[in-house]
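Only one structure is covered here, and it is reproduced in the block below.
The values are calculated or read from the model by the stated rules, or taken from the named source; none is laboratory data. Model, not experiment: these values are computed from the prediction. Don't worry about glycine lacking a Cβ; one is built from the backbone with ideal geometry, like all the others, and counts go over all protein chains shown.
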Amino acid sequence: MVASKTKQHLLRGLSFLVLAVLLLSGLSWLLRDRQTTLSCLYSEEDNSLDLLLVGSSHVNSGYIPSLLWQENGISACNVYSWSQPMWVSYHYIKEALKTQQPKMIVLELFGMTYGHSSIMPEEIDRTSYQNSFNIDPGLNWLQMIRTAETCGLDLRPYEDFLNLPRYHTRWKQPSLSMLTYNPHKDPDPLKGYGFLLTAVPQQKPEIAPQPALTPYEYCVEYLEKIVALCEKEDIRLVFTITPYVYSEAEQGIFQWISEYAQSHEIPLLNYNGPNGERIGIDYATDLSDWGHLNYSGAQKVTMDLCRFLQDYAQEFPAREEHRNAALLNEQLGYYQRIAQVQPLLSETDYSAWLARAAADPELVVFLQADGTDGEALRLTNRALAEAGHKPIAAGGRMQIDENGAQACGEQLDFALFDKKGRVEFNPAENAILLNGKAAPLGGEAVTAVVYDTVLGRPLESASLSESLEFTHREFTSDLLPQYR
């Protein structure tokens, strides 16, 4: 009898522990940070990628996968995270190989400068911890945590990597996307590329050739692991280094990489130095900061990669052999449209911004003016006149599209996100609402929302104060789900 009761207590205790583990696991999965840099990889159809570009934020800012499809018929994706060390690159490649069988990996090697760059290792580790571990839980994720504990210099306890403790840094800024965004279902049409339009002139490094400087031991170890993994999986490997403001020590690392690549017969595209000069990299116009290319620089580097890949065309399937060719063409069109509207998104002059938006037949502009007949209204009407449209009255509402400008009531039906929707004007707060939710900016003398009919989504909201202070903000991916 006593043994039977003891057995029952043990079973109940075990059942409770199992349920507790399942509950914590479920909560951890629910509360995970879904804004992963691997959204492109996770949303891709299995075995649909020909090429992976792997590395740090230099990949995100420096390589445009859509151009590889446009120029070479190669399906590519950026597999990156901010300040990605080589050991994280290794595990990101392993993560990608769960669902993809690429013919080639282009490995960006800023991670080899760990401990020798102008960014201190502890800072690199902190940035990597914040961003690199937002991948699917699993054995590779656990191994990556263990690897980071071994290789990094900014060491921290295991629990810092778990979703529940990490959620405590985000719960005060809740958004619908925290629960609804799914990187496995919501595609990334830009394929992991991030537009940077700002040009910040940099001093071009003028450093004499340096003797080879051996990188941090774990950088070398995990580079070797990547080379071995690619050989095992029959994947051609290409090394690349994007342009940035590098140091004398980093020049020594570049020399080590060059000698390593030569001894292992791995092609190296180092765009710091002669190769950068060859493709016309200009440190005055092609960088957005000391470490990242802007859109102009990214086009130069990516187009040179496209030319390089022409010599390997026979290793990739023909364009028409891609079963997802229609989707790739659609995503290419999306990239081309995003590139086309970048000047609008980066415009700082209100008159130029409104004139540009009102003149684009693919954009619909919703305007609302308060009842003040002041400088903001006059500036608005001058910009409308420049675009060939009639003026808006004080307290008026207007819709501008390919058919011209017309006054509108306080509510109108409009196809938001390519489906039935509603746009409302709230004159009391001078706000514009999309599907019942106010756009981020409003309440000033003039309020605007810009909708892109090609992208099928709101593009920007804007406001102009009576003191002529102009603010505009893009509808970003974390914001858009609230208006669907």
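Here is how the numbers come out for the structure above:
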quantity: Test result for A428, part of a loop (DSSP other than H, G, I, E, B) and exposed (fewer than 13 other Cβ atoms within 10 Å of the Cβ); calculated: yes
quantity: Among the candidates I135, I105, I145, I64, residue that is aliphatic (A, V, I, L, M), modelled with pLDDT under 95 and within 18 Å of G192 (Cα to Cα); calculated: I135
quantity: Residues of segment 281-303 classified as assigned to a helix (DSSP H, G or I) and out of contact with any strand residue (DSSP E or B) (no Cβ under 7 Å at 6 or more places or on another chain), total; calculated: 7
quantity: Residues of segment 288-317 classified as touching a helix residue (DSSP H, G or I) at 6+ places or on another chain (Cβ under 6 Å), crowded, with 20+ Cβ neighbours inside 10 Å and hydrophobic (A, V, I, L, M, F, W, C), total; calculated: 4
quantity: Those residues of segment 428-442 which are in contact with an Asp or Glu (Cβ under 6 Å, 6 or more places away or on another chain) and in contact (Cβ under 8 Å) with a residue 12 or more places away in the chain, in sequence order; calculated: N430
quantity: Among (1) in contact (Cβ under 8 Å) with a residue 12 or more places away in the chain; (2) in a loop (DSSP other than H, G, I, E, B), the one test that S461 misses; calculated: (2)
quantity: Strands (runs of 3 or more DSSP E) within segment 322-413 that include 2 or more residues surrounded by 16 or more Cβ atoms within 10 Å (Cβ to Cβ) and either in contact with a Leu (Cβ under 8 Å, 6 or more places away or on another chain) or free of Cβ contacts under 8 Å to residues at least 40 places away in the same chain (or both); calculated: 363-369, 397-401
quantity: Leading residue by the ranking (modelled with the highest pLDDT) among those in segment 148-159 that are surrounded by 13 or more Cβ atoms within 10 Å (Cβ to Cβ) and not in a loop (DSSP other than H, G, I, E, B); calculated: C151
quantity: Close pairs from segment 94-108: first under 11 Å from N78 (Cα atoms), partner surrounded by 16 or more Cβ atoms within 10 Å (Cβ to Cβ) and modelled with pLDDT under 95, Cβ under 8 Å, at least 6 apart; calculated: A96/L41
